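Worksheet for the structure shown next.
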Amino acid sequence: MRCCSSFSLFYLAFFLRISLSAAVLPPGFVEVPLATGLDPTAMALAPDGRIFIAEKYGSVRIVENGALLPDPFVQLNVDNYNERGLSGIAFDPDFAQNGYVYLYYTVKNGGHNRLSRVKAIGNYATDEEILLELPPLASTIHNGGAMAFGSDGKLYLAVGDGADATKAPSLQSLLGKVLRLNPDGTVPPGNPFAAQTTGILQAIYAVGLRNPFSMTIQPGTNRIFVCDVGSQFFEEVNYIEAGMDYGWNMLEGKQVAQNLPANYRDPVYAYPHSLGCSVVGAAFYNPAVAQFPADYVGQFFFADYCQGYIKMLDPATGILGAVFATQIDRPLCILTGKQGELYYISRGGMGGGSDPDNTSTLEGMLWRVDYVGTGAPVFSAQPQPRLQTIGETATFTANANGSDPITYQWQRDGQIIPGEINKALTLNNLMLSDSGTLIRCVATNAYGQVASQTALLRVTANQRPVPVILLPLPTDQYSAGDTLFFAGEASDVEQGNLGGDDLTWRIDLHHDQHSHPALAAMSGSATGSYVVPTVGETADNVWIRIYLTARDQIGLTTTIHRDIFPHKVRLRVETDPPGLTVRVDGKTYIAPVELASVRGLRRQAEAMPSFSSSDAVLAFRNWEGGSTQFLQTRFLQDSLTTLRAHYEKTDFSNGAGLYGTYYKSPAGGGFQTPYFSRIDTTVDFDWGQGSPAASLPDDNYTVRWLGEVQPLFTEQLTFHVFSDDGCRLWVNNQLLIDAWYPKASSEVAGSIFLEKGKKYALRLEYFENGGGAVVSLRWSGVQTPRSVIPSRQLFPILPIYYSAERFSFQYIIQPNPVADDVLRLRFESTHQERLALRIFDAAGRVVAEYPSLSVNMPHQTFDWPITDLASGVYRLQVTGQQFGRETKSFVKY
């Protein structure tokens with residue numbers, strides 16, 4: 001009799017949810033569900049038309065000829081917690097010959113993601129081959145995993161930042177990137193950062209991404225579009241190009257006034273969180289056979305996981321088109337079929353975005369969308385069978401798509417039920433004579449009429465079983481990490497006491513008005529246990545609900561529940577000085593902040609590396625207690641846990657920039673003919689097809705910038721030069737960057753350890769051969785935000801004189817006469833000079849001298865105390881190695 005369990009109340013609720021999850025589509029479009037009961041994350045279309053669906057817990061399922069096959073294609077051993085699990089799938093371009101299917105998943109007990117491939121033999125996989133192990137993850141979120149093959153035969157793989165935002169812009173990590181790989185996982189030639197990286201890091205194709213969950217490549221153009229899930233402000237659709245930086249973690253959305261890298265690219269489209277919270281799904285509508293109307297062809301489709309819509313975007317202009325579908329139960333993936341149909345997956349689940357909620361669902365569905373134009377309705381949700389006892393109520397639901405308006409009429413045993421013209425039919429006070437009734441729905445529009453499948457109603461005189469929860473007690477409370485024991489029993493009028501085989505347990509974690517699955521349905525025992533996670537929903541208004549379902553021999557069920565509430569504690573995060581920004585579990589607050597929490601739960605507080613004002617910077621020093629790690633993790637036990645982050649103030653310097661000398665030179669770079677010199681406050685130039693000044697030609701020139709750089713923090717600093725063409729950089733007389741060759745716009749980087757407050761010699765050389773002219777000097781560090789090096793931290797230095805160069809020097813006495821016992825001199829020079837100074841009185845005697853003075857800065861001044869000199873007229877003689885000698889008179893009062 002167990003075969004009748006599908007008519008239980010659990011399945012009644014499940015199918016009711018299915019019937020209500022159909023999307024609202026434009027006129028002329030219809031959809032039908034192809035597969036249900038999934039835990040989906042991604043899908044891919046095989047060249048032969050089969051759809052492969054990646055399920056989060058490690059299984060890949062196949063939909064063939066519109067039906068879900070019972071056996072999985074492969075079952076991987078994955079880490080299936082929160083956003084971790086199996087999250088990416090793609091087919092080799094030569095799949096028909098080699099059978100390769102590519103998979104991206106989190107390694108069980110490994111703390112990192114992996115790229116591997118298996119070989120398909122029919123509908124089953126064999127021979128997993130590991131291609132790439134990704135770096136360790138800082139948390140259980142931001143895995144990415146979207147991938148696709150380009151027309152160049154290379155695999156493009158989108159990798160999340162692993163919840164460490166500093167990894168996204170760094171060329172020292174694969175996290176937060178789009179990678180370009182050979183099909184065997186090796187690095188192909190031609191990747192844009194190959195000259196700046198080594199080993200597998202040369203696979204980096206684009207940087208600055210947070211959680212690129214979905215990707216697609218447009219047929220015919222090879223344009224790569226990635227949907228990057230945002231943090232607090234914006235969701236992004238990005239057009240991925242070689243060597244580009246997409247801004248994370250410096251900003252979300254489009255650039256406003258931020259100081260960003262020269263290779264930064266705005267998203268094609270970005271929308272604020274007032275319009276959604278998680279951009280997912282990516283598909284171009286460019287099928288070989290276009291089934292949809294012409295204005296859909298070439299459009300980019302994307303979805304929002306929270307708002308439940310699919311929208312269209314013009315990929316060429318970035319202009320948002322019409323809304324394609326609404327009221328989807330958490331859309332996740334989109335793809336275009338061979339015959340011009342569109343497929344999408346709705347993940348379902350209870351919502352909320354907590355760790356347990358993200359971990360699993362049983363409500364995922366695959367839908368197919370077709371364009372039928374003007375035609376009869378098509379049922380997307382069918383009425384399902386019901387088993388009820390005498391006196392109860394049965395509800396049947398249905399939904400049809402097609403040209404509006406659509407009317408509904410329910411039938412019983414082929415006869416119209418008067419007045420029942422809605423999508424739901426409710427039959428009250430059922431009797432035994434109702435058993436065996438066949439229910440169906442007829443949908444009608446102006447173009448035709450169609451009947452749904454029939455659903456069997458069965459009514460029994462048996463009474464439902466009565467379950468009782470014995471443990472936990474109603475007064476029990478829990479802490480994170482506790483083992484929660486449960487026990488129960490049930491009786492039935494017809495059968496007497498039921499055994500453990502007749503009981504099913506289920507546990508949900510409740511938060512406000514929604515819940516998340518915590519323990520999947522477990523049958524066959526009167527007792528059990530559940531370990532409360534120490535990592536998960538961080539809100540304090542949570543509780544655990546334990547469900548017990550009893551089922552009798554004919555399939556009647558009764559479900560009861562018991563709520564257990566947590567012990568509470570508090571977490572307080574402070575900063576010294578107060579009022580600074582902190583992040584607690586990924587959310588931003590102004591300190592001090594005090595938050596309620598479940599006892600034993602893991603909480604993470606993160607100090608920001610630094611804060612800037614108009615005249616100073618505050619740098620993180622340490623947490624109270626001495627820890628210098630930005631991220632602090634606590635499993636809260638005390639009634640109040642306080643964390644305090646200490647910051648140290650550093651005043652900005654008063655630098656003016658770098659001294660740049662501009663030369664006309666032969667192709668390939670040289671410094672033979674200086675044309676002019678000037679102080680450049682920063683090096684951040686894009687001269688396009690032109691030149692820095694009218695005196696220089698548009699091509700074949702070089703620039704040498706000289707000066708000193710003063711870091712704000714003691715740390716390993718990375719210097720970045722983005723240029724077209726060649727560049728070289730020395731810091732502290734060490735050659736950090738050597739890219740002295742013609743090249744397209746790209747970045748080269750080098751690192752060195754520097755101490756706060758010290759000045760270090762800096763020399764940057766650049767040459768322009770032809771085409772675009774771009775050069776930008778930036779720095780970054782753990783505490784130093786990636787940015788153009790500001791003028792206040794740069795100090796210009798004059799070049800050393802070479803005999804073939806033009807030399808200019810003059811000095812000015814200011815003021816003259818001298819009234820305050822200080823002789824102030826101002827030197828204007830084009831090169832470094834060493835001077836000897838003498839002062840003569842009216843009788844020609846030397847009354848003061850300064851034997852050695854170095855002039856190495858533009859507009860340098862020198863104050864010479866002359867307190868011992870009496871009032872009168874004097875002559876100042878200045879002698880230089882290149883300058884020669886000059887004498888000027890001055891008066892002292």
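The values are calculated or read from the model by the stated rules, or taken from the named source; none is laboratory data. Everything numeric here is computed off the predicted structure, so don't read it as measured data. Quick reminder, even Gly has a Cβ in these numbers, built from the backbone with ideal geometry, and neighbours come from all protein chains shown. In case anyone asks, the SASA skips ligands and DNA or RNA and just uses the protein heavy atoms, side chains included. Shrake-Rupley method; radii C 1.70, N 1.55, O 1.52, S 1.80 Å.
In a shell of Cβ-Cβ distance under 11 Å around G321, excluding G321 itself, what net charge do Lys and Arg (+1) and Asp and Glu (-1) give?
-1
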Open item on the list: Just to check I understand the Karplus step: with θ = phi - 60° and J = 6.51 cos²θ - 1.76 cosθ + 1.60, what whole-Hz values come out for segment 413-421, glycine and proline as x?
Closed with: 6, x, 10, 4, 9, x, x, 8, 10
- [ ] At a Cα cut-off below 17 Å, give the lysines reachable from K888, other chains included and same-chain residues fewer than 8 away excluded.
- [x] none
TODO: Compute the accessible area per residue over the chain, keeping the other protein chains in place, probe 1.4 Å, unit Å².
DONE: 41 Å²
Task: lysines with Cα under 30 Å of K311, excluding same-chain neighbours fewer than 8 positions away - done: K56, K154, K177, K254, K338, K423, K587
- [ ] Order the peptides 207-218, 852-863 from the highest to the lowest mean number of other Cβ atoms within 10 Å of their residues.
- [x] 207-218, 852-863
- [ ] Would you work out which of V178, W623, T36 lies farthest towards the positive end of the dipole of the chain, given +1 charges on the beta-carbon of Lys and Arg and -1 on that of Asp and Glu, about the Cα centre?
- [x] W623
Task: segment 726-830: trypsin sites (Lys or Arg not before Pro) falling in loop per DSSP and having at most 14 other Cβ within 10 Å - done: K756, K758, R806
Open item on the list: For the chain, what does the helix formula give at 222 nm: sum of -39500 (n - 2.57) over DSSP H segments with n ≥ 4, over the residue count, nearest 500 deg cm²/dmol?
Closed with: -500 deg cm²/dmol
Task: 3J(HN,Hα) from dihedral phi, segment 286-291, Karplus parametrisation 6.51/-1.76/1.60, rounded to Hz, x for glycine, proline - done: 9, x, 4, 10, 8, 7
Task: Protein accessible area in the chain, 1.4 Å probe - carbon and sulfur % - done: 50 percent
Open item on the list: 7 Å from Cα along Cα→Cβ at both V873 and K587: what's the point-to-point distance in nm?
Closed with: 8.2 nm
TODO: Net charge near F149: determine it from the other residues with C-beta under 15 Å of the C-beta of F149, scoring Lys and Arg +1 and Asp and Glu -1.
DONE: 0
TODO: Excluding residues fewer than 8 places away in the same chain, name every one of the aspartates and glutamates whose C-alpha is closer than 14 Å to that of K758.
DONE: D651, E708, E715
Open item on the list: For the chain, take the longest principal axis of its alpha carbons; what is the angle in degrees between that and the long axis of helix 9-20, to the nearest 10 within 0 to 90?
Closed with: 60 degrees
Open item on the list: Between N733 and E128, what is the label-point separation in nm under the 7 Å Cα-to-beta-carbon projection?
Closed with: 5.5 nm
Task: Whole-Hz couplings from phi, Karplus 6.51/-1.76/1.60, listed for segment 819-828; x for Gly and Pro - done: 10, 10, 6, 10, 8, 9, 10, 10, 10, 10
Open item on the list: Quick check: from the Cα gyration tensor, does segment 620-733 come out rounded (a/c under 1.5), prolate or oblate?
Closed with: prolate
TODO: Work through the residues other than S780 whose Cβ is under 14 Å from its Cβ and net out their charges, Lys, Arg +1 and Asp, Glu -1.
DONE: 0
